Amino acid sequence: MQDFSNDKSGLVYRRALLVLAVLQLGLALVFWDVPALPEAAAMHGLTRPPELPPIGFFSIWFVIFATYLGFAIWAWREDNHVTRTLAVPLCLAGLCILALLILQRMGLTQLDLTPLVLALWGISAWAVRRFDLMRGMGGSPGKWAGDATTGLMFGWTTLTLYLFIIGNVRDIYGFASTDAVWPFLLATLALTGAMALASFARLTASAYFLLAICWGLAGMFANMWWVTGLNAPAVITGLFAVWLVRRRLRFGASGAKPAGS
């Protein structure tokens, strides 16, 4: 793990966190009406993709921004192993989020934004693993904010990435929202489940990661049950969420392991 304890750049990264936190929260408030998945946001009823949560579920970003801001304030005031370790990946994540907010406002399509979402997902995986390697080394409100930020961000970007991929496949091949409902839903659940299990085993033991995944699954359930009227797929999604939580509670999570272990 890179350590910036005797490096002036470490101070720069820790200071930059607060600037990025304020900017992303401010832009999110200004652009609150800009859809997270541009092509799908204006669709209603059966024209809306079944696996897309209602727009209200995307408010989880404001929770992520709030915990990010809390960690940034702590990092501004405290120079310690946790703040030095998370400063770089969270700065990069903040830059990706700002770029997404701006590019969505400019009207770019899901296909255009997918590489940036993929980059944010990869950076979030890096950040959540870095935090997990420090788990058990004492606690503080600032460290809790780091746990919540990295876990929620990685969980939500995992589901968001898959929604972008599914949406791109629909657009590229000309599938309507009501076409191939089961294959697209099962693909989303399979990808989400595989990443969740892999993350439990190798990346993170954070409960916030599971919380973000389940929040997204709850949004999928709500969309299918109340918006599109696809009750059977909604039930399968709900059962999948229950299985995932039960699996995590029963077997726990190993989380990140040091290199070579």
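Summed over the stretch 165-175, residues that are loosely packed, with under 15 Cβ neighbours inside 10 Å and either in contact with a helix residue (DSSP H, G or I) (Cβ under 6 Å, 6 or more places away or on another chain) or touching a residue at least 24 places away in the same chain (Cβ under 8 Å) (or both) total 2. The set of residues in the stretch 212-261 being without any contact (Cβ under 8 Å) to a residue 12 or more places away in the chain, part of a helix (DSSP H, G or I) and polar (S, T, N, Q) consists of 231 alone. When residue 195 is tested against (1) surrounded by 20 or more Cβ atoms within 10 Å (Cβ to Cβ); (2) at pLDDT below 95, exactly one condition is not met: (2).
Which members of the stretch 179-211 meet the condition of being touching a residue at least 24 places away in the same chain (Cβ under 8 Å), in a helix (DSSP H, G or I) and more than 23 Å from residue 228 (Cβ to Cβ)? Correct list: 195, 196, 197, 199, 200, 201, 202, 207, 208, 209, 210, 211. Just one of the listed residues (217, 239, 230) is surrounded by fewer than 18 Cβ atoms within 10 Å (Cβ to Cβ) and either within 12 Å of residue 51 (Cα to Cα) or at pLDDT 95 or above (or both), and it is 239. When the test is whether a residue is farther than 21 Å from residue 165 by Cβ, open to solvent by 50 Å² or more (accessible area, probe 1.4 Å), in contact with a helix residue (DSSP H, G or I) (Cβ under 9 Å, 6 or more places away or on another chain) and not polar (S, T, N, Q), residue 79 passes it. Scanning the stretch 141-152 turns up one or more residues that are closer than 18 Å to residue 67 by Cα, polar (S, T, N, Q) and open to solvent by less than 30 Å² (accessible area, probe 1.4 Å).
If you go through the stretch 227-245 and keep only what is hydrophobic (A, V, I, L, M, F, W, C) and more than 24 Å from the chain's Cα centre (by Cα), you end up with 230, 232. Report whether or not residue 72 is over 22 Å from residue 195 (Cα atoms), assigned to a helix (DSSP H, G or I) and open to solvent by less than 10 Å² (accessible area, probe 1.4 Å). Taking the combined requirement at face value, the residue satisfies it.
Within the group 256, 176, which residue is at pLDDT below 95 and farther than 26 Å from residue 109 by Cα?
Values: 176 fails: farther than 26 Å from residue 109 by Cα.
So the residue among 256, 176 that is at pLDDT below 95 and farther than 26 Å from residue 109 by Cα is 256.
When each of 190, 222, 196 is tested for being among the hydrophobic types (A, V, I, L, M, F, W, C) and under 15 Å from the mean Cα position of the chain (by Cα), the lone residue that passes is 196.
The values are calculated or read from the model by the stated rules, or taken from the named source; none is laboratory data. Remember, predicted model here, so these are calculated numbers, not experimental data. As a convention, Cβ positions derive from the backbone with ideal geometry for all residues, glycine included, and neighbour counts pool all protein chains shown. These area figures cover heavy atoms from the full protein model, side chains too; ligands, DNA and RNA do not enter into them. Shrake-Rupley method; radii C 1.70, N 1.55, O 1.52, S 1.80 Å.
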